[in-house]
Amino acid sequence: MFAQTDWPGGHALTVVPPLLGFLAVWWLMPRAKAWPRSAGALLGLAALASGGLTLFQPGTAMVQNLLFGFFALVAIGAAVLMITNRNPLYSALWFVVVTLCVCGLFLLRSAPFLAAASTIVYAGAIIVTFLFLIMLAQQAVGVAAYDQRARQPLAATLSGFLVLGGLLCALRPWVPETAAGRFAATSKTAAATPASQSQAILRVGVSPESSAVRDSDSTGAPAVRQAPSLAASPLSQQRNRPVGTVRGLGRSLFGDYLYAVELAGTLLMVASIGAIAIALRTPRGKV
Amino acid sequence: MMAELHNYLGVGAVLFALGAIGFLTRRNLIVMTLSAELMLQGASLNLVAFSHLHGNYQGQAFAVFIVAVAACEAGVALALFVALYRRKRTLDAGAWRELAEEGLDSGRGVEEPPVAPLLPVHPEFPRLTPAGRVPEVPKRRAGRRV
Amino acid sequence: MSETVRQIALWSIPLAPLAACVLIALTGVRWLRERSHYPCILALVVSLGSSLGVLAFAIPQTPYEMDHPYYPAVVSAGYEWIRIGGLDVSITLTADAMGAVMLAMVTLVSLLVAVYSAGYMRGDPGYARFFAEVSLFVFSMSMLVLASNFLVLFVFWEGVGLCSYLLIGFWFRRPSAAAAARKAFLVNRIGDFGFMLGVFLVWVTFGTLDYEVVLGREGFLQQIAQQHPGRLELICLLLFLGAVGKSAQFPLHVWLPDAMEGPSPVSALIHAATMVTAGVYMVARCTPLFVHAPWVQVFVAGIGGFTALLAALIALTQYDLKRVLAYSTVSQLGYMFLALGCAAGGKDVVTLAVTAAIFHLFTHAFFKALLFLSAGSVMHSMGDVIDMRRFGGLRRALPLTHLTFLCGAAALAGVPLLSGFWSKDEILAAVAAASHGSVLYAKYFLVLQIVAVATALLTAFYTFRAYFLTFWGEERFPGEAGHHPHESPPVMGVPLVLLAAMAVGVGLVVGPTGLFGNYLAQTRGLTSGEEHAIAWMPMLLGSAAALIGIAGAWLVYVGSPGLPGRLAQVLTTAYRWSLNKFYWDEIFVAMLVRPLQGVAWLCRVLDDYLVDFLVDAAGRVPVMLGSLLRPVQNGQVQTYALVMLLGLAALLMSVLNVWAQ
């Protein structure tokens, strides 16, 4: 993983945020004995800051950057709080926050219907029913014993951040201009990096194709696999087209994916029947 | 735009990893399921970002299906939790270990600490005297209604 | 006589008892039961008739046969058994003079014993088994005698050993009988091992196992003797080792006294007349080989003489009548080997020596069988008590037994004109001739002569000691005898009488008249027409020894009643040594049995603590490996999910690694 390309400029810096994040999350895990949590919070902030420095690529519009930054930070923070909280009730509520922030990110990416749908489904239906079940299961006053201690905290956090580190390192060569990247790019020839190549393409400014709401999918995949020749892929070029209307989504869903939509409906019905059947069984197996 | 793609992908990856950690770490069944949903949200974010990049509705459609399936999954999961709760009166995922190999010690080092009260019992809180007289409960004799 | 009749006669000698055995084995328990003796006796009658016929055939009749006295009398080619490589073994029956004489003796004694057993074994639950085993024995013995190569001889050598085992342990539920049978078999095995080596060596040296080649061609033997200097001696020594085992010579004599655990008819048949004489027969048959190995013959004589003396000394103090007779058998077998060994005295002594041995074998069979059967008759009357200290003065209660026992005892002691006298005299004459004839070993044979005479004296003494202790003195019956001890029934009495007649008469009839000697001389290795002057000195010495012995016994046991006790007290050490068989069994236990048990213990310890340990450890390795891996399967979903995530991380790393390069 720490191979010859872009070392030390690229990958070394990419390791720092996951490392700090790992320490932060592990610090914050619930434990039986008392634990100063403030250090964990500080570590978390440091992780987010370094992550922003190394990975964040500011776009053109300021408002969008701000909104993105806000939603992203709150989402990640709420997620950490969700998984490290002792009280399952609070965890559910933090999950709602995460959902709302993710929906905000959906909005930023021109998916209003999806934002609304997932808010309704997640934060509305799922969380409400989960809260019912949590209340049902609250036997004693207070936090149940099994919620007070994390299970295998070190192993879980380590493996999770290994995956994250891998993903970020995979992502890193494609990030053309970051705050840290600018430091590194000046000192060496940036012609070989795939990021700079894509940047060159962008600067050339290939004219966008006409808008067509069509799924043209299969050719876009190779861009990630081979040494990047993004110029070849027509889909990766910068385009301005009206994406994100509910109408367009509806036409796409009920036009191209009609079969899948019907199946999804059937699946929902089957799931609800199944849930009724399971829930109504007595412990002896009879309904 | 391409650049911003990486931002969203990064956020999606972080959410996914945090969801995975939460799934592995928590013992409450509900919170485990919520962590799984968190992972799904990270994946949806990825899809939406790519959809935005390519300028088509593929990713969004897929994300819609993810939402639908997540709903089914949550429903069935809840039904399962209700059934499981009926058997063992607990939502502890560690309580279900019938498929374990024999002879293993139960749980690695997780002693059950006593249930911690949410609020400590404050010794200075006033104690109310019982309202009214405590009524006498007459003794019941066989054959005589009192 | 036509050839076919000869062949049928020859084959019927072994096959009739075999058929009887099979018949009794299959039907005896269920159907024949008390009638199981009929097939056996019938078969033995057939065998006896055929043996007598073969005896007649074996006399050379045509001029060709008379000119070539080595022409084997009756040969019947049988079945090609083995034909592998150079080994060519066929089951061919050959009956020459020596074989015919043996067969006649074997079948006659077997028949009389079988008739006797019909009465003796009556009521025994294993009645059918007894007669099946006796028939099997007669089959094996006759095949042994009729064998014409070493391999068939060896097979039936083992066969008689097997039957001996079966019959000694006939009452196998008695631990002492089972132990005695085992002991007999194992001790015989030691001898058989030497015998086997001898047979292997014969095969290696001669390239064939046929008597025709190995024993029949003098020129070939000379050639071999020159080519391989010590080979013939080694072969003879090894073969003699087999004879030592089978014929209970020192040091392998220990099984014969214990073999008295078997029924008395078995002792009479197997351990007096037939099986134990197989060794003598084999050595006599191999005379052509032995003449090329003089020092082996000297060794044979030495062992024979030593055994004779040793057994006689032990028999002096035994109080079990059958044990006395057993040691007497050992002693007389030693006599026979002594006679065989005297062939070392020179070429002209060979025929005399071998003839003396076979003649003694012949007469000994009759009077020893007679003695054993009489002892059996005594046991039968005394309620299976055979301890001479518990009964006495039986001559009025058991008149017939008394008379027959007396005949047998007199024959054994060598009372003049009885059969034992003639055969013993021939042996003494052979020893004398050897000491005169041999240049190298003259003094040696002189010593042996003294030993022989001394043994004759002791034989007479202990035989009549037994006789006087049993039949003279005040009448005493043991408790087990019941009311009134009765004489044996006629089915037991008639064989006794017949055997007594043989014991008294047969020596006179065939001995001094030269019938026996001339007939026997037609065997390979023996020359006929040798004239020996009657040796008066040995004859006188022998007679004197016998009479002195008898008189001595009379004096000690009848004349002065307290004398034996006082003698035992005075000569305590000698008495104890003699009574305890010179401690030979204890020596064997210390020398052989204990070390073997130690080795067995060591092996068991090794097996338990080393081999089992290793095997168990090997078995525990998978268990340990499993216990290392088992905690992964703890039934917790989250553990499995963690492992999945780790796997995903590893996969991701490897993919990135590949991609980044």
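The values are calculated or read from the model by the stated rules, or taken from the named source; none is laboratory data. Values in this document were obtained by computation on a predicted structure and should not be read as measured data. Neighbour counts run over all protein chains shown; Cβ positions are idealised from the backbone, glycine included.
Computed values, structure above
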| quantity | calculated |
| --- | --- |
| Among residues of region C:14-63, those that are among the β-branched types (Val, Ile, Thr) and not in a helix (DSSP H, G or I), counted | 2 |
| Near pairs, Cβ below 9 angstrom, 6+ apart or cross-chain, from region A:24-35 (without any contact (Cβ under 8 Å) to a residue 60 or more places away in the chain and more than 9 Å from chain B (Cβ to nearest Cβ)) to any residue that is in a loop (DSSP other than H, G, I, E, B) and not charged (D, E, K, R) | A:Trp27/A:Trp35; A:Trp27/A:Pro36; A:Leu28/A:Trp35; A:Trp35/A:Met29 |
| Qualifying position, being crowded, with 24+ Cβ neighbours inside 10 Å and outside any loop (DSSP other than H, G, I, E, B), among C:Ala104, C:Ala114 | C:Ala114 |
| Residue count for region A:48-73, restricted to those that are more than 10 Å from every other protein chain (Cβ to nearest Cβ) and either among the β-branched types (Val, Ile, Thr) or closer than 22 Å to A:Val97 by Cα (or both) | 5 |
| Yes/no for C:Trp601 being more than 30 Å from C:Pro564 (Cα to Cα) and part of a helix (DSSP H, G or I) | yes |
| Filter pass, C:Arg594 being more than 26 Å from A:Ala155 (Cβ to Cβ) and under 35 Å from the mean Cα position of the chain (by Cα) | yes |
| Some residue of region B:84-94 being facing another protein chain (nearest Cβ under 7 Å), under 14 Å from the mean Cα position of the chain (by Cα), touching a residue at least 12 places away in the same chain (Cβ under 8 Å) and assigned to a helix (DSSP H, G or I) | yes |
| All positions within region B:1-45 that are touching a residue at least 40 places away in the same chain (Cβ under 8 Å), more than 7 Å from every other protein chain (Cβ to nearest Cβ) and more than 18 Å from the chain's Cα centre (by Cα) | B:Leu5 |
| Matching residues in region C:157-175 - criterion: being in contact with a Ser or Thr (Cβ under 8 Å, 6 or more places away or on another chain) and either among the hydrophobic types (A, V, I, L, M, F, W, C) or within 14 Å of C:Leu256 (Cβ to Cβ) (or both) | C:Val160, C:Leu162, C:Cys163 |
| Residue within region C:300-317 that is part of a helix (DSSP H, G or I), among the hydroxyl-bearing types (Ser, Thr, Tyr) and within 20 Å of C:Val447 (Cβ to Cβ) present | yes |
| Qualifying residue in region C:516-528 (condition: of a type in the set (D, E, K, R) and either within 23 Å of C:Gly549 (Cβ to Cβ) or not in a loop (DSSP other than H, G, I, E, B) (or both)) | no |
| Any chance A:Gln152 is at the interface with chain B (Cβ under 7 Å from one of its Cβ atoms) and out of contact with any Ser or Thr (no Cβ under 6 Å at 6 or more places or on another chain) | yes |
| Whichever residue in region B:52-61 is among the small types (Gly, Ala, Ser) and facing chain A (nearest Cβ under 7 Å) and, among such residues, is farthest from A:Pro112 (Cα to Cα) | B:Gly55 |
| Of all residues making up region A:12-43, the number that are over 29 Å from A:Ala145 (Cβ atoms) and either surrounded by fewer than 20 Cβ atoms within 10 Å (Cβ to Cβ) or among the aliphatic types (A, V, I, L, M) (or both) | 7 |
| Residue check for C:Leu197: part of a helix (DSSP H, G or I) and surrounded by fewer than 19 Cβ atoms within 10 Å (Cβ to Cβ) | yes |
| Residue among C:Met624, C:Met653, C:Met591 that alone is out of contact with any Asp or Glu (no Cβ under 9 Å at 6 or more places or on another chain), more than 21 Å from A:Gly160 (Cα to Cα), part of a helix (DSSP H, G or I) and within 14 Å of another protein chain (Cβ to nearest Cβ) | C:Met624 |
| Helices (runs of 4 or more DSSP H) fully within region A:81-189 counting 1 or more residues that are modelled with pLDDT of 90 or more and in the same structural domain as A:Thr54 (by TED's automatic domain parsing) | A:88-108, A:112-118, A:127-137, A:153-171 |
| Residue match in region C:425-433 (condition: in contact with an Asp or Glu (Cβ under 9 Å, 6 or more places away or on another chain), within 25 Å of C:Val296 (Cβ to Cβ) and buried (at least 20 other Cβ atoms within 10 Å of the Cβ)) | yes |
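So that you can scan it fast, the table gives a plain yes or no per residue for (1) among the hydroxyl-bearing types (Ser, Thr, Tyr); (2) crowded, with 22+ Cβ neighbours inside 10 Å; (3) at pLDDT below 95:
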| position | (1), (2), (3) |
| --- | --- |
| B:Glu4 | no, yes, yes |
| B:Leu9 | no, yes, yes |
| B:Leu24 | no, yes, yes |
| B:Leu29 | no, yes, yes |
| B:Leu38 | no, yes, no |
| B:Ser44 | yes, yes, no |
